[in-house]
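Presented below is the structure to which this report refers.
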Amino acid sequence: MTSPVPAGVGTRRQAYLLLLGLAFVWGGHWAVTKIGLRDIPPFTFGALRVATGLATLAGLLAARGRLHLPPRSDLPVVLSVGLGQVAAAIALMNLALQVVPAGRSSVLMYTMPLWVAVIQATLLRRGLDAWQATGLVLGLVGIAALLNPTVIDWTSPGQLAGSTALLASAVIWAATTIQLRHHRWTASPLELQPWQLLIALVPLTVLAIVLEWHEPVRWGARALLVLAYSGPLATGFGFWAAQSITRALNPIETTMGFLAVPLVGLVAGTLLLGEPMGLVDVAGFGTTVVAIAIVSMSRDSTRA
């Protein structure tokens, strides 16, 4: 029996096609963002991305009659997602991409399932099953390969700090994900996302005004195209597509599909930015992606 699909995705085949499109949109977004940072300061970029994505998503929901104030019971996840998964993630991503290659950044950011397992084992005192333990060990090996001195310059504080920022963002994302798994939803995640983006817009705008008021935006065709991709497409459409896919497919199918995002990010970094890939890079990327897949196939992830 096939699983039901939500409004906007008529069949499972359409859900798979949407997943394929989203993998290319989000995977390519890492390289596109790195290009955009040549013209737009990082916090200003983040604020403009969220603002245009918010306008797109709010317009889509309003057209479907689903734009409503969030219920009070959902305010904790509105705040945590808005500040953690959106504002902090975008700020750390944009800062890191100034010094870290786009391909490596995408893989480090998508280590989130590994940190979910770590948080569950250390803070929540939940034992790891065999899948999680194996995946976690492999993941740590892959991350060590990505951060070893032969592929990044440890004497350059920017590269090491940028990589650490991406891992910190993945940990924040993991902690918020655990909260979302235990939250009793009143409104749907998609209906809450405009308010989460609105919450995220506030600190990003404040940071842009305070820290980047003297840094001009070099407006031009490149900057406008990047914002059109990053805001309406990667943020507005991307969130809607992700929610539709998550509701249409089971957790294993969804997680395995989303693993295509860092792979596309790696390829996009090489093709669009000319980022080199050595043998150690390939081994680190491959090991990390396999580890994420193994952790995602664990008993707890399947039940989520």
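Any read-out appearing in this document is the output of simple, stated calculations on the displayed coordinates, not a laboratory observation. Small disclaimer: the values here were computed from a predicted structure and weren't measured. As a convention, Cβ positions derive from the backbone with ideal geometry for all residues, glycine included, and neighbour counts pool all protein chains shown.
GNM remark for the chain: springs join alpha carbons under 10 Å apart, and the peak mean-square fluctuation among I199, I152, I35 falls on I152. Per residue, the chain reaches -22500 deg cm²/dmol at 222 nm when only DSSP H runs of four or more residues are counted, each adding -39500 (n - 2.57). Candidates V210, L227, W195 compared by Cα position along the dipole of the chain: farthest toward the positive end lies W195, with charges placed on Cβ. For the chain, the equivalent ellipsoid derived from the Cα gyration tensor has semi-axes of 27, 26, 19 Å, listed largest first. Picking from L124, L271, M109, whose Cα lies most toward the positive end of the charge dipole for segment 12-303 (charges on Cβ: Lys, Arg +1; Asp, Glu -1)? Checked the options; the winner is L124.
Note on the chain: with charges restricted to the Cβ of Lys and Arg (+1) and Asp and Glu (-1), its dipole about the Cα centre is near 720 debye. For the chain, with a Gaussian network of springs between Cα atoms less than 10 Å apart, report the residue from L83, L211, L22 with the top mean-square fluctuation. The residue that fluctuates most here is L211. Exposed loop sites were defined as chymotrypsin sites (Phe, Trp or Tyr not before Pro) in DSSP loop states (anything but H, G, I, E or B) carrying at most 13 other C-beta atoms within 10 Å; in the chain the longest segment without such a site runs 1-153. ³J(HN,Hα) across segment 123-133 via Karplus (A = 6.51, B = -1.76, C = 1.60, θ = phi - 60°), whole Hz, x for Gly/Pro? Listing the rounded values in order: 8, 9, 6, 9, x, 7, 7, 4, 4, 5, 4 Hz.
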